Amino acid sequence: MKKRWICLFVENEIGVLARISGLFSGKSYNLDSLTVGVTEDSTISRMTISLTSDDRTFEQIKKQLGRSVEVIKVVDYTDTPIHMKEILFVKVNHCTDADITELFRISKVFGVAIIDYDGTTVLLECTQTENRNDDLIALLKRKFANRIEIVRGGSVAVEAVSISER
Amino acid sequence: MKQITGADLFVKALKEEEVDTLFAYPGGQAIDLFNALYGEREIDVILPRHEQGLIHAADGYARSTGNVGVCLVTSGPGATNLVTGIATANYDSVPLVCFTGQVPTHLIGNDTFQEVDFVGITRSICKYAVMVRKREDLAETIKKAFYIAKTGKPGVVVVDLPKDVQRAYGSDFYPQEIMVRGYKPNTSVHMGQLNKALDILNHAVKPVFLIGGGVNIAHANTEMTQLAELTGVPVITTIMGKGAIPTTSSLYVGNIGIHGSYAANSAISNCDVLFSIGTRFNDRITGKIEEFAVNAKIIHIDVDAASISRNIDVDIPIVADAKKAICALLEKAKPLHISEWTDEINRWKKEYPIDMGKVGLTPQMIIQSINELFKDAVIATDVGQNQLWTTQFLDIDENKQMLTSGGLGTMGYGFPAAIGAKFGNPHKDVIVISGDGGMQMNIQEMATAVVYELPIIICILNNGYLGNVRQWQEMFYDRRYSSTCMRYRRSCEIGCNKPDHCCPEYTPDFIALAESYGAKGIRVTKAEDIKSALNSAKQNTKTPTVIEFIIDREINVMPIVPPGNSLNDMILESEEGRE
């Protein structure tokens, strides 16, 4: 089992998202995240799909995506240098002064922005990799158990331009 | 430019696509389309009696002619009644375009009368499904639908047509060509891979061809026969591939699979090169996958990349159309010297033939009589024992074709498929081989066959059971005949597993039923009456003929590979043995 990344160019039409997500559910393929947005060409949408699978299943997934009429191109990013980011909001409720100090310290270390605050609730915004966001969530869950509310956006990815950086 | 309604453009599009037969059932949201078809002379508009029968008929028409089958039904229940037929056709790569009426666009999502999200329902069971939301997209979408249905790996396309789009005026332009950027059917053959495959084949000591439905779909039967004859390599087929070369050819070994022949399954298990074309290696043919063709290098040609290396690991994958690949192979292939191997296979064929071995009215005798009496024919099967016996005993050559629901295994398929086949092949004999169970699943189409004067011959093999399931219950479930007896009545003992002469009478009386529809009915209870019944049906050129063959109640399909076993591990005969 290995973490995989796929970039998918699809027709920007009603029902395409259902078609792609239906393919995953109908064939029992595992799906970690899926994001979609329109590209510079308004008739084409671009999806970033992350999933965990073995080699055989992953080959099948790429072929099944490729044979869908609505799919224009399938690009496997698994072993390609890419930049990827995921937006994450974390709301921490019922904060004491000590909590707030701690949150500011965490925000420094993790490169997280505090974008809203009302005295007892703090809203963090984090645009990091999926793994880094996982780490942050784990830490916050430990420190502020049952007081946090999480919204994750799923990853977007793009090929690196000049460097082999991930 | 001339302005016409969507409905008129629909009719124009059908003509441009050279649709000669339309299987259609009207309804509220399709009434404008039917209005545009009124009095139409270029297109034969057929009214079946149920939408499921309708789509199986379109399927039978498409399989037997090679043309795209076209359906037109209304929204809601009209559309949902197509679902089984869509999955059936798509699973067997049959080109169909299904037009469904839909409620007007401004009412979609309002739980309108007879509204269903048909594109949503069919998305996972067809090749492509689309709703036409704007009148200006109509022509291009229909063009695209036909193009996608018939190219590459053929399949079903659903086109949902809201009523306001049918009624709206717009251009009468219909494009001659279309480009779909996300859809590029493979049109070439990778010669490097093909040469590698040939190299492996040429060095083989025990090679076999394993041919699936892809060769029949690509109409490559002549070329495949040439390839087999040129190389001398024995040919094994899946049930969908049956007829890829004439079954009477000495190179034909038989069907592979859980009801395949001993020789075919043994050849697969013992071969050193398995050269497969147009099969997806589905579970019914491989048996226990870990023990499938373990000694063989496997070459796999398929038009669908997703079918390759999915179920079994392949040494040489080749994505190509079967006909193109076989033609390319023909240019380079050479005779192999493998007489020891072919002798061995022939010995297996001789020692372990598929033979029901019983005297009396057996399915084998019925099907062999059909072989003898009909030379130019389309034979449609239903699903179950009737289908398996037919795939075992029917002879197929260039003048005969078998239609069967291989992938989905849809009971109720055979009879309506034969109706469609007869529309497409009026000069051929069209024969249905069905069971008593499947026959009742679309029996309403008897009216269609009668009113369109289709002299189809319907052979019902009546054992009073849902025989295939009963066979499994007998062999693997301790004879617990749960819900498989068709002669059951309230008065029967609970948990009965012993049919005898006291069993309640069968209902319906198929002969009386046939006659009430205006068809001819013949009941056959003795082997010596088989041929006279078939001949008498052949003479009847005005109406369908139902021949009900009363067969042994507990007759089994043999041999069988028990569930979970490897192909090596077949049960060859029923426990009672031969009589």
Residues that are open to solvent by 10 Å² or more (accessible area, probe 1.4 Å) and part of a loop (DSSP other than H, G, I, E, B), drawn from the range B:280-294: B:Arg280, B:Asn282, B:Gly287, B:Lys288, B:Phe292, B:Val294
Where residues in the range A:70-97 are within 14 Å of another protein chain (Cβ to nearest Cβ) and either in contact with a helix residue (DSSP H, G or I) (Cβ under 6 Å, 6 or more places away or on another chain) or open to solvent by 70 Å² or more (accessible area, probe 1.4 Å) (or both), which of them is nearest to A:Gly15 (Cα to Cα)? A:Glu70
If I filter the range A:125-136 for residues that are within 30 Å of B:Val130 (Cβ to Cβ) and part of a strand (DSSP E or B), do I get at least one hit? no
Among the residues of the range B:57-69, is any open to solvent by 40 Å² or more (accessible area, probe 1.4 Å), farther than 14 Å from B:Val97 by Cα and in contact (Cβ under 8 Å) with a residue 12 or more places away in the chain? yes
First in the range B:489-502 and over 20 Å from B:Tyr477 (Cα atoms), second anywhere and part of a loop (DSSP other than H, G, I, E, B), Cβ under 6 Å, 6 or more apart: B:Arg489/B:Pro504
Failed criterion for B:Ser276 (all others in (1) open to solvent by less than 40 Å² (accessible area, probe 1.4 Å); (2) among the small types (Gly, Ala, Ser); (3) within 27 Å of B:Asn371 (Cα to Cα) hold): (3)
I need a count of the residues in the range B:546-569 that are over 22 Å from B:Thr484 (Cβ atoms) and buried (at least 22 other Cβ atoms within 10 Å of the Cβ). 3
Residues that are over 24 Å from B:Asp529 (Cβ atoms): find the strands (runs of 3 or more DSSP E) completely inside the range B:333-452 holding 3 or more of those. B:400-403
Tell me which residues, restricted to the range B:98-129, are among the aliphatic types (A, V, I, L, M) and within 14 Å of chain A (Cβ to nearest Cβ). B:Ile108, B:Val119, B:Ile121, B:Ile125, B:Ala129
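Here's the yes/no breakdown for (1) open to solvent by 40 Å² or more (accessible area, probe 1.4 Å); (2) more than 26 Å from B:Asp313 (Cβ to Cβ):
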position: A:Ile20; (1), (2): no, yes
position: A:Asn30; (1), (2): yes, no
position: A:Asp41; (1), (2): yes, yes
position: A:Ile44; (1), (2): no, yes
position: A:Ser53; (1), (2): no, no
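Okay, residues lined up against (1) assigned by TED's automatic domain parsing to the domain that holds B:Ala264; (2) modelled with pLDDT of 95 or more; (3) not aliphatic (A, V, I, L, M):
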| site | (1), (2), (3) |
| --- | --- |
| B:Val294 | yes, no, no |
| B:Ile299 | yes, yes, no |
| B:Ile345 | yes, yes, no |
| B:Asn371 | no, yes, yes |
A:Arg142 meets each of (1) within 30 Å of A:Gly15 (Cβ to Cβ); (2) in a helix (DSSP H, G or I); (3) away from chain B (no Cβ under 14 Å) with one exception, condition (1)
In the range A:10-56, what residues are within 17 Å of B:Gly182 (Cα to Cα), within 11 Å of chain B (Cβ to nearest Cβ) and in contact with an Asp or Glu (Cβ under 9 Å, 6 or more places away or on another chain)? A:Val10, A:Glu11, A:Glu13, A:Gly15, A:Val16, A:Arg19, A:Ile20, A:Thr43, A:Ile44
Can you tell me which residue is farthest from B:Ile108 (Cα to Cα) among those in the range B:142-153 that are more than 9 Å from every other protein chain (Cβ to nearest Cβ) and open to solvent by 20 Å² or more (accessible area, probe 1.4 Å)? B:Thr151
Condition (residue is part of a strand (DSSP E or B) and open to solvent by 30 Å² or more (accessible area, probe 1.4 Å)) applied to the range B:295-311: is it met by at least one residue? yes
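The values are calculated or read from the model by the stated rules, or taken from the named source; none is laboratory data. All of these numbers come straight from a predicted model, not from anything done at the bench. With ideal geometry, Cβ positions are generated from the backbone for all residues, glycine too; neighbour counts draw on all protein chains shown. Ligands, DNA and RNA are excluded from the accessible area calculation, which covers all protein heavy atoms including side chains. Shrake-Rupley method; radii C 1.70, N 1.55, O 1.52, S 1.80 Å.
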